[in-house]
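Undergrad: Mind having a look at this structure? Questions to follow.
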Amino acid sequence: MAGSGNAHLRPPGEVVLRVEDLVVEFPAGRGRSVHAVSGVSFDVARGETLGIVGESGCGKSTTARALMQMPPPLRGSVRLDGLELTALRGEALRRTRRRLQMIFQDPISSLNPRRRVRDIVAEGPRVWGAGADRVDEMLTAVGLDPATAATRRPHEFSGGQCQRVSIARALVLDPEIVICDEPVSALDVSVQAQILALLEELKERYRLTLVFIAHDLAVVKNVSDRILVMYLGKVCELASGDALVERPAHPYTRALLASIPRGGLGLPPADQLISGEPPSPVTPPSGCRFRTRCPAATPLCAAEEPVMRRIGTDHWVACHHPQETGEILKPVEAPQVARAPEAAFPQPAEEAEDARVPKSPKVPKVPKVR
Amino acid sequence: MRRRLGWSFWLALGWITLILAAAATADLLPLPRYDETLVGPPQAGPGPDHPFGTDGLGRDVLSRVVYGARVSLIVGIGAVLLGVLFGAPLGVLAGYRRRATDAVIMGVNDIALAFPALVFALAVVAFAGASLLNVLIVLGVLGVPAWVRLVRGATMVFSEREFVAAARVLGARDRTVLWREVVPNVSLPVLSYAFIGMAVAIVAEGSLAFLGLSVQAPTPTWGGLINEGRPLMEDAPHVVLIPSFVMFLTVLAFNLIGDRLRALTDVRQSNLEPVRRRQADRLPARPHHVEEDVLLQVADLRTHFTTARGAVRAVDGVSFTLQRGRTLAIVGESGSGKSMLIRSVLGLTPEAGTRRGGRVYLDGQDLTELDDEQMRHILGTRMAAVFQDPMTALNPVRTIGTQVMEPLMVHLGMKRKAARARAAELLASVGIPEPARILRRYPHQLSGGMRQRVTIAMALSCGPDILFADEPTTALDVTVQDQVLRLIRRQREERHMAVVLVSHDLSVVAEWSDEVIVMYAGKVVERGPADSLFERTRMPYTEALLRAVPKLTDPAHHPLRLLPGRPPDLAHPPSGCAFHPRCPYARERCSQEEPPLFQAETLDHLYACWYPVGTGAGVVETSPELSGASGTAEALKAAEEAAELEEAAEAAEVVAEAAAELETTDVIEGADSRGR
């Protein structure tokens, strides 16, 4: 996994946001650095929802911040409609940034406790010298009554209502892309469903493009068209939600799915798919970053980093030994190491007690067209 | 919002207003001049002509105290203003800009702090002369480094908050972000510290005056008055005592105001905190049969809090039994009372403002009859608990080893060496690699999953019969959650103990428990074996919760069935069935009569509903589904109206907050009690 490469990117004309080889590092003292995001690439087409999923420390929130240039990434490119954001500074960046908006995880912390709800939502128009005429419309759109809600302060609201205010604040500037960073993980299940439904509704109404970041795969799948799985600052797998759940190819995706209680996917128990603790992002493993916890790891995984390659219709994986997904398509980019097709399904030593009995790799199955 | 400042605040404010008014209008008051001698007999005590008496030269002490207040207040307020004027902008700049700006400002600041303040003050006053202005400038300048530090700290805290990031995302310039988002939040702590700073400046001026280094005679100052009165201490003590007392009261008043203002920044009052009053009376328990051969029986358990807004029934008549080798899950949303229920079983609810009722039997022994000491022993050896945040359960400054060994040495009387060996075994048994090395580590050096393993090892150290796990995996990643829950189940099987698992996550509950209790508004609304409860759900609330969770097997953009509204206000729960305002099946009877627990066709499956789902009573006349795709806004709007905007939110929060508060204190207490 721990993959790099850009094979999965679509032609620039088709996408509104294109991120290439994003690298973000933070100083960790003594001259070392935290490799938070290491060469992540993805793109989002207009009107699409890209879900980014992964566990804590996988760099998904850092990626979100890097898209906003807060702070700008160390290397890599972020293009919004072809405009390179990483090259912008000062006033130009400030003007462009408003086209992207963010919704944060903590509904309480993301609202200024000293300001009234109306002022919070009206801040965007005020900054840009526009009138506050859209404020009431936005409050109504997110399911709040402007008459009673607007003059209150955030602490008078529940977490779900605060998140509605955050959404209104983000949408009032009519952004092209909204980045949702774990917008529902602090909420109760009933409120979570309300917010998810609201996001879907607003996406339709305002023709939004969403980047939806969360750790809960079921939540991400519910709202996303495509899902990007990240691990320790790298990309593992990219596919439609259905393909990812039905034919997970990356060992980490499989472990993630198997860990979900009552997932109902017929995967082996999670403890057979993943072991140990995530390694430190200060000294990440060589080659594939998942190899230290992967039951299928071989010496190749330590020696060489896998790159993203196509294994199905719009299904991409960065793994030397992906799980059979029915039909193995030839990688679009020439692989650095030429291998016989069998090499894609080696029998690692751990396989002895592994319940993952490889199904016949030779039976070609036509991937479902959606 | 109503905020309580307390009578002490208003008393203090009154005193300062009085002093300020007196000092400002001293020339207009019917007082003798402060330097007029022999307005009365020298050294006369307080009397009708001279309420504070006279000093050695027959000058009126009241007049001198009032005029002296001018110097004290000018220096006190002026020095603080000067400090804020220079310190606050530097602090905001350092805290907001960080990096090089911060390094330079704080570097200079640290050097300034290292400079001996008193020597500086003495030197300046000695060279430049002891005038009011000089004293003011010296004290003001001396305060600047402290202001820089304070403002920088507060700025840093708020700059980290997401609303600052949100403002920058909106395209606000730094200046706008600072003025609108950061400064208003920093100003309250600054104001509170300003009052404390004034008290400090007044004391400092007094000390300088006492040394004769403040404003020179004949201008009276409080410190000067005390100094002058010193020789008369035996004959006319009032000359010293009265200015001392006035100064003491003033300093106290400034401190009190500062303190109360700071309390405002820390605490958010919802009027639902338990009132600080001890209540010994117990709520009566309904008659019940004490069952034999069950490990744990809870009968009609009640925990009510007396709050400013009325009685909050956090746990209201809960009964259940638990057998060895079984896992009982308690599930519900925040504010449902699930955490409070297990705290009530463990006897860990706060003393003040709490009324309890009902019984808890462990192997037939009534735990509610035990005194604190006996209960501590039970908690140490027979019932153990693991909470959501392992970091609060572990002492950050002690090694893992000392913390795991402590209960072994205290409860089981092990020697140090044996305890260390046993601790290593325990850590190994919960799947911690290299236990000997981990024993020497500190909690912050471990990952969240490892820390939770350590707290589980500690909970298991004395071989408990029941392990209570309150949201043990909510703070953990899903792959780690799987590991921890697997570990708890394996331990349960190996030790033949029972587990009580509290969770908001229905899928966790469905996968890892044998029996389930669903709570709503402090009551059990459905209870039964996990399979029966999830497959033949009867209570509409349980059904709604199950449907609100996205499923992996559903296609993308699958509309979720919404449960409108929020949990009810526990201080004013709805009449009848507490769920009826949110229930799609509710009819008239639901708002009038509270449903008892009915027996479902499956054994041990109970539900509290007049028109249960999946039965003849429930299917008839079901209201149209509130589906996610259509009418979301309408449904939400209806929900907004149905649930009172503010109260419900607060009610939900207060229990969550109370639980969070308890978590921090009780976990530590719990750990300690195991230790002692």
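The values are calculated or read from the model by the stated rules, or taken from the named source; none is laboratory data. What you see is a predicted model; the values in this text were computed from it and never measured. Backbone-built Cβ (ideal geometry, glycine too); neighbour counts: all protein chains shown.
Undergrad: Whether any residue in the stretch A:294-302 is outside any loop (DSSP other than H, G, I, E, B), aliphatic (A, V, I, L, M), over 21 Å from the mean Cα position of the chain (by Cα) and within 14 Å of another protein chain (Cβ to nearest Cβ) is what I want to check. Give the steps one after another, and end with the answer.
TA: Step one: list which residues in the stretch A:294-302 are outside any loop (DSSP other than H, G, I, E, B), which gives A:299-302.
Okay, now just the ones that are also aliphatic (A, V, I, L, M), so A:300, A:302.
In the following step, the residues that additionally are over 21 Å from the mean Cα position of the chain (by Cα) were identified as A:300, A:302.
From what's left, within 14 Å of another protein chain (Cβ to nearest Cβ): none.
The answer is no, given that none of the residues of the stretch A:294-302 is outside any loop (DSSP other than H, G, I, E, B), aliphatic (A, V, I, L, M), over 21 Å from the mean Cα position of the chain (by Cα) and within 14 Å of another protein chain (Cβ to nearest Cβ).
Undergrad: Filter the stretch A:259-280 for residues that are buried (at least 22 other Cβ atoms within 10 Å of the Cβ) and either free of Cβ contacts under 8 Å to residues at least 24 places away in the same chain or more than 10 Å from chain B (Cβ to nearest Cβ) (or both); which is farthest from B:Leu506 (Cα to Cα)? Talk me through it step by step, then tell me what you get.
TA: Filtering the stretch A:259-280 for residues buried (at least 22 other Cβ atoms within 10 Å of the Cβ) gives A:259-260, A:270, A:273-274, A:278.
Restricting the remaining residues to those that are either free of Cβ contacts under 8 Å to residues at least 24 places away in the same chain or more than 10 Å from chain B (Cβ to nearest Cβ) (or both) gives A:259, A:270, A:274.
Values: A:Ser259: 14, A:Ala270: 19, A:Ile274: 24 Å.
Ranking the candidates gives A:Ile274 first.
Undergrad: Specify which of the listed residues (B:Arg420, B:Arg441) is farther than 27 Å from A:Gly57 by Cα and either modelled with pLDDT of 85 or more or buried (at least 21 other Cβ atoms within 10 Å of the Cβ) (or both). First the steps, then the outcome.
TA: Working: B:Arg441 fails: farther than 27 Å from A:Gly57 by Cα.
Selected residue: B:Arg420, the only one of B:Arg420, B:Arg441 that is farther than 27 Å from A:Gly57 by Cα and either modelled with pLDDT of 85 or more or buried (at least 21 other Cβ atoms within 10 Å of the Cβ) (or both).
Undergrad: What residue, of B:Ala166, B:Ala130, B:Ala194, is assigned to a helix (DSSP H, G or I) and more than 19 Å from A:Ile120 (Cα to Cα)? So that I can check it myself, show each step before the final result.
TA: Working: B:Ala166 fails: more than 19 Å from A:Ile120 (Cα to Cα); B:Ala130 fails: assigned to a helix (DSSP H, G or I).
The unique qualifying residue is B:Ala194.
Undergrad: Going by what's in this entry, would A:Thr86 be described as surrounded by fewer than 22 Cβ atoms within 10 Å (Cβ to Cβ) and either over 23 Å from A:Ser41 (Cβ atoms) or outside the structural domain of A:Lys203 (by TED's automatic domain parsing) (or both)?
TA: Numbers: surrounded by fewer than 22 Cβ atoms within 10 Å (Cβ to Cβ): yes; either over 23 Å from A:Ser41 (Cβ atoms) or outside the structural domain of A:Lys203 (by TED's automatic domain parsing) (or both): no.
No, not satisfied.
Undergrad: Using the structure shown, decide if A:Ser185 is assigned to a helix (DSSP H, G or I), in the same structural domain as A:Gly312 (by TED's automatic domain parsing) and hydroxyl-bearing (Ser, Thr, Tyr).
TA: Working: assigned to a helix (DSSP H, G or I): no; in the same structural domain as A:Gly312 (by TED's automatic domain parsing): yes; hydroxyl-bearing (Ser, Thr, Tyr): yes.
Here the answer is no, as A:Ser185 does not meet what is asked.
Undergrad: Could I ask something else about it? Which of the residues belonging to the stretch A:16-42 are out of contact with any Pro (no Cβ under 8 Å at 6 or more places or on another chain) and surrounded by 22 or more Cβ atoms within 10 Å (Cβ to Cβ)? First the steps, then the outcome.
TA: Let us first name the residues in the stretch A:16-42 that are out of contact with any Pro (no Cβ under 8 Å at 6 or more places or on another chain), namely A:16-17, A:19-21, A:25-32, A:39-42.
Hits for the stretch A:16-42 are A:Leu17, A:Val19, A:Val40, A:Ser41, A:Phe42.
Undergrad: Could I ask something else about it? Take the conditions part of a helix (DSSP H, G or I) and at pLDDT below 90 and apply them to A:Val191. Does it pass? Full working, then the answer.
TA: Working: part of a helix (DSSP H, G or I): yes; at pLDDT below 90: yes.
When the stated conditions are applied, A:Val191 passes them.
Undergrad: Another one. Take B:Val215 and decide whether it is assigned by TED's automatic domain parsing to the domain that holds B:Trp147, part of a helix (DSSP H, G or I) and at pLDDT below 90.
TA: Numbers: assigned by TED's automatic domain parsing to the domain that holds B:Trp147: yes; part of a helix (DSSP H, G or I): no; at pLDDT below 90: yes.
So B:Val215 fails the test.
Undergrad: For the stretch A:136-151, which residues satisfy the criterion of being facing chain B (nearest Cβ under 8 Å) and touching a residue at least 24 places away in the same chain (Cβ under 8 Å)?
TA: A:Ala141, A:Gly143, A:Leu144, A:Ala149
Undergrad: Identify the single condition in (1) away from chain B (no Cβ under 13 Å); (2) touching a residue at least 60 places away in the same chain (Cβ under 8 Å) that A:Met68 does not satisfy, given that it satisfies every other one.
TA: Single failed check for A:Met68: (1).
Undergrad: How many residues does the stretch A:13-60 hold that are under 21 Å from A:Glu176 (Cβ atoms) and within 13 Å of chain B (Cβ to nearest Cβ)? First the steps, then the outcome.
TA: Let us first name the residues in the stretch A:13-60 that are under 21 Å from A:Glu176 (Cβ atoms), namely A:13-20, A:22, A:40-52, A:60.
Subsequent filtering for residues that are within 13 Å of chain B (Cβ to nearest Cβ) retains A:47-51, A:60.
Result for the stretch A:13-60: 6.
Listed here are the residues, each with its yes/no results for (1) free of Cβ contacts under 8 Å to residues at least 24 places away in the same chain; (2) not in a loop (DSSP other than H, G, I, E, B).
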{"site": "B:Gly47", "(1), (2)": "yes, no"}
{"site": "B:Phe86", "(1), (2)": "no, yes"}
{"site": "B:Ala100", "(1), (2)": "yes, yes"}
{"site": "B:Leu113", "(1), (2)": "no, yes"}
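Undergrad: Is it true that some residue in the stretch B:8-27 is among the polar types (S, T, N, Q), in contact (Cβ under 8 Å) with a residue 40 or more places away in the chain, surrounded by fewer than 22 Cβ atoms within 10 Å (Cβ to Cβ) and within 29 Å of B:Val200 (Cβ to Cβ)?
TA: Within the stretch B:8-27, the first condition is being among the polar types (S, T, N, Q), and the residues that meet it are B:8, B:17, B:25.
Those still in the list that are in contact (Cβ under 8 Å) with a residue 40 or more places away in the chain too: B:8.
Next cut, surrounded by fewer than 22 Cβ atoms within 10 Å (Cβ to Cβ) only: B:8.
Remaining after also requiring within 29 Å of B:Val200 (Cβ to Cβ): B:8.
Looking for residues that are among the polar types (S, T, N, Q), in contact (Cβ under 8 Å) with a residue 40 or more places away in the chain, surrounded by fewer than 22 Cβ atoms within 10 Å (Cβ to Cβ) and within 29 Å of B:Val200 (Cβ to Cβ), one finds at least one in the stretch B:8-27, hence yes.
Undergrad: Sort out which residues of the stretch B:503-538 are more than 14 Å from chain A (Cβ to nearest Cβ) and within 22 Å of B:Ile456 (Cα to Cα), and write them in order of number.
TA: Within the stretch B:503-538, B:Asp514, B:Glu515 qualify.
Undergrad: Can you find, within the stretch A:116-142, the residue that is farthest from B:Gly171 (Cα to Cα) among those that are modelled with pLDDT of 90 or more and part of a loop (DSSP other than H, G, I, E, B)?
TA: The extreme case among them is A:Val142.
Undergrad: Another question about this same structure. Looking at B:Val516, B:Val480, which one is within 31 Å of the chain's Cα centre (by Cα), of a type in the set (A, V, I, L, M, F, W, C) and at pLDDT 90 or above? Talk me through it step by step, then tell me what you get.
TA: Numbers: B:Val480 fails: at pLDDT 90 or above.
Result of the check over B:Val516, B:Val480: B:Val516.
Undergrad: Identify all residues within the stretch A:161-177 that are farther than 23 Å from A:Ala150 by Cα and either part of a strand (DSSP E or B) or touching a Pro at 6+ places or on another chain (Cβ under 6 Å) (or both); write none if there are none.
TA: Applying the first criterion (farther than 23 Å from A:Ala150 by Cα) to the stretch A:161-177 yields A:176-177.
Hit for the stretch A:161-177 is A:Ile177, nothing else.
Undergrad: For the stretch B:470-492, which residues satisfy the criterion of being over 19 Å from B:Ile432 (Cα atoms) and either of a type in the set (D, E, K, R) or surrounded by 23 or more Cβ atoms within 10 Å (Cβ to Cβ) (or both)?
TA: Answer for the stretch B:470-492, where residues must be over 19 Å from B:Ile432 (Cα atoms) and either of a type in the set (D, E, K, R) or surrounded by 23 or more Cβ atoms within 10 Å (Cβ to Cβ) (or both): B:Asp470, B:Glu471.
Undergrad: Of all residues being of a type in the set (Val, Ile, Thr) and not in a helix (DSSP H, G or I) in the stretch B:404-442, which is nearest to B:Arg489 (Cα to Cα)? Just the residue, please. Reasoning before the result, please.
TA: Narrowing the stretch B:404-442 to residues of a type in the set (Val, Ile, Thr): B:404, B:410, B:430, B:432, B:438.
When the remaining residues are screened for being not in a helix (DSSP H, G or I), the result is B:430, B:432.
Values: B:Val430: 11, B:Ile432: 16 Å.
Ranking the qualifying residues of the stretch B:404-442, first place goes to B:Val430.
Undergrad: Given the condition within 10 Å of another protein chain (Cβ to nearest Cβ), assigned to a helix (DSSP H, G or I), crowded, with 24+ Cβ neighbours inside 10 Å and more than 16 Å from the chain's Cα centre (by Cα), answer yes or no: does some residue in the stretch A:201-216 qualify?
TA: Taking the stretch A:201-216 as the starting set, the residues that turn out to be within 10 Å of another protein chain (Cβ to nearest Cβ) are A:201-205, A:215-216.
After this cut, where a residue has to be assigned to a helix (DSSP H, G or I) as well, the list is A:201-205.
Subsequent filtering for residues that are crowded, with 24+ Cβ neighbours inside 10 Å retains none.
Looking for residues that are within 10 Å of another protein chain (Cβ to nearest Cβ), assigned to a helix (DSSP H, G or I), crowded, with 24+ Cβ neighbours inside 10 Å and more than 16 Å from the chain's Cα centre (by Cα), one finds none in the stretch A:201-216, hence no.
Undergrad: Here is a check on your reading of the model: is A:Val23 closer than 20 Å to A:Asp216 by Cα and either among the hydrophobic types (A, V, I, L, M, F, W, C) or at pLDDT 90 or above (or both)? Step through it out loud before you land on a result.
TA: Working: closer than 20 Å to A:Asp216 by Cα: no; either among the hydrophobic types (A, V, I, L, M, F, W, C) or at pLDDT 90 or above (or both): yes.
Taking the combined requirement at face value, the residue does not satisfy it.
Undergrad: Then there's this: Go through the residues of the stretch A:98-115 one by one and say whether even a single one is in a helix (DSSP H, G or I) and either surrounded by fewer than 18 Cβ atoms within 10 Å (Cβ to Cβ) or away from every other protein chain (no Cβ under 11 Å) (or both). Spell out the reasoning first.
TA: Our first condition is that a residue be in a helix (DSSP H, G or I); within the stretch A:98-115, this holds for none.
The answer is no, given that none of the residues of the stretch A:98-115 is in a helix (DSSP H, G or I) and either surrounded by fewer than 18 Cβ atoms within 10 Å (Cβ to Cβ) or away from every other protein chain (no Cβ under 11 Å) (or both).
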